[in-house]
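Beneath this line is the structure, given in structure tokens, with notes to follow.
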Amino acid sequence: MVVAFVASSMMSAAALAESFTFTAIPDADESRLNARFGKVADYLSEQLGVDVKYIPVKSYPAAITAFRNDQVQLAWFGGLSGVQARELVEGSEAIAQGYEDQFFKTYIIAHSSTGIEAADVLHDSVKGKTFTFGSKGSTSGRLMPEFFIREHFEAAPDEIFSRVGFSGDHSRTIAQVQSGVFDLGAVNYSVWDTELKEGKIDTDKVKVIWTTPTYPDYQWTIRGDVDARYGEGFKQKVTDALLNMKDEDLLASFPRASFVPASNDDYAPIEATGKAIGLLD
């Protein structure tokens with residue numbers, strides 16, 4: 001029994017010595033993400049008592065693949081990418097979301113040359129214009145705006161617009177519409193508001209013309225095997241660390257007012273919408 005206890009203790013120590021890694025969907029430029037999540041890694045290391053590393057990825061599918069392959073054990077996903085990842089990893093759970101993520105929204109933006117003004121509904125004058133989504137796997141940059149566009153016009157985007165593109169992330173969507181590469185685009189409201197505040201948007205060239213209804217979006221998702229790997233109760237420690245994140249600088253880097261509890265059930269509307277427009281099986 002003593003031998004078994006010693007062996008068990010050694011295994012637990014080895015598990016705790018192992019790095020805990022996380023990633024995030026690349027929804028903005030890489031330098032912004034590295035600054036944001038490097039600070040989060042430091043905070044989690046302090047709270048969890050293990051070495052925590054942030055691993056950047058180049059695309060939404062890459063974030064899901066890293067989670068599926070256990071290259072990361074925790075990820076900051078969008079609504080759709082979180083659903084996709086949890087479908088691939090048995091026992092994985094959404095554990096926390098930003099307060100604002102309970103009622104997220106997308107802005108439809110337009111280049112000034114279109115002459116389209118802001119309105120409470122998406123105006124028919126968008127028909128025939130060029131349009132860019134963000135990443136193909138983005139909830140706020142593709143899934144939900146496409147859902148609402150289809151609902152309003154009773155047609156697919158490529159039947160409404162003269163050309164449809166995918167910029168890759170929200171920052172590029174703003175840049176492409178502002179420069180006139182596309183007439184219109186769908187962008188995460190939080191990225192727009194942040195870049196507007198930072199003076200990166202020329203409102204003489206691009207503006208918001210419509211805001212979607214709200215929907216659930218970003219969340220922290222964790223693998224179901226972390227307790228076995230890092231010690232009993234580790235998942236709860238991670239959850240508590242996220243929910244108790246109070247540092248204004250850390251929260252502002254998301255930006256979120258706070259983190260609140262989340263569950264897989266919160267994202268049932270995202271799953272249903274993904275299936276309805278063919279992005280999920």
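The values are calculated or read from the model by the stated rules, or taken from the named source; none is laboratory data. Everything numeric here is computed off the predicted structure, so don't read it as measured data. Positions of Cβ are backbone-derived with ideal geometry, glycine not excepted, and every protein chain shown enters the neighbour counts. Accessible surface is based on the protein model in full, side chains and every heavy atom, while ligands, DNA and RNA are left aside. Shrake-Rupley method; radii C 1.70, N 1.55, O 1.52, S 1.80 Å.
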What aspartates and glutamates does LYS207 reach when the alpha-carbon gap must be under 18 Å and sequence neighbours fewer than 8 apart in one chain are set aside? GLU117, ASP120, ASP124, ASP169, ASP183, ASP193, GLU195, GLU198
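Within the chain, which is the longest segment that contains none of the trypsin sites (Lys or Arg not before Pro) sitting in a DSSP loop with at most 16 other Cβ atoms within 10 Å?
Values: sites that count: LYS58, LYS127, LYS136, LYS200, LYS205, LYS246.
Between the exposed loop sites, the longest stretch runs 59-126.
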Inter-site label distance for ARG229 and ALA272 at 7 Å from Cα along Cβ, in nm: 3.3
Relative to the longest principal Cα axis of the chain, at what angle does helix 30-48 sit, 0 to 90 degrees, rounded to 10? 30
Provide the net charge surrounding LYS39, with neighbours chosen by a C-beta distance below 9 Å and charges set as Lys +1, Arg +1, Asp -1, Glu -1. -2
What do you get for the angle between helix 144-153 and the principal long axis of the chain? Use alpha-carbon atoms, 0 to 90 degrees, nearest ten. 30
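Run the numbers on the chain and let me know its relative contact order in percent, using alpha-carbon pairs under 8 Å that are six or more apart.
On the way: 518 pairs, mean separation 77.8, N = 281.
Relative contact order here is 28 percent.
Decide, for segment 16-69, between rounded, prolate and oblate: order the square roots of the alpha carbon gyration tensor eigenvalues as a ≥ b ≥ c, take rounded if a/c falls under 1.5, and otherwise choose prolate if a/b is larger than b/c, else oblate.
Details: a/c = 3.42, a/b = 1.39, b/c = 2.46.
Oblate is the answer for segment 16-69, as a/c is 1.5 or above yet b/c matches or exceeds a/b.
Tell me, which longest segment in the chain has none of the GluC sites (Glu not before Pro) that fall in DSSP loops with at most 11 further Cβ atoms within 10 Å? It would help to have the intermediate numbers written out before the result.
Values: sites that count: GLU90, GLU117, GLU154, GLU198, GLU232.
Result for the longest clean stretch: 1-89.
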With a point put 7 Å past each Cα toward its Cβ, work out how far ASP120 is from SER45 in nm, to one decimal. 5.2
The base-10 log of I(q)/I(0) that the Debye equation returns for segment 85-168 at q = 0.11 Å⁻¹, one scatterer per C-alpha, is -0.39
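Of the accessible area of segment 158-281, with the probe set at 1.4 angstrom, what percent is carbon plus sulfur?
The nonpolar share, carbon plus sulfur, comes to 48 percent.
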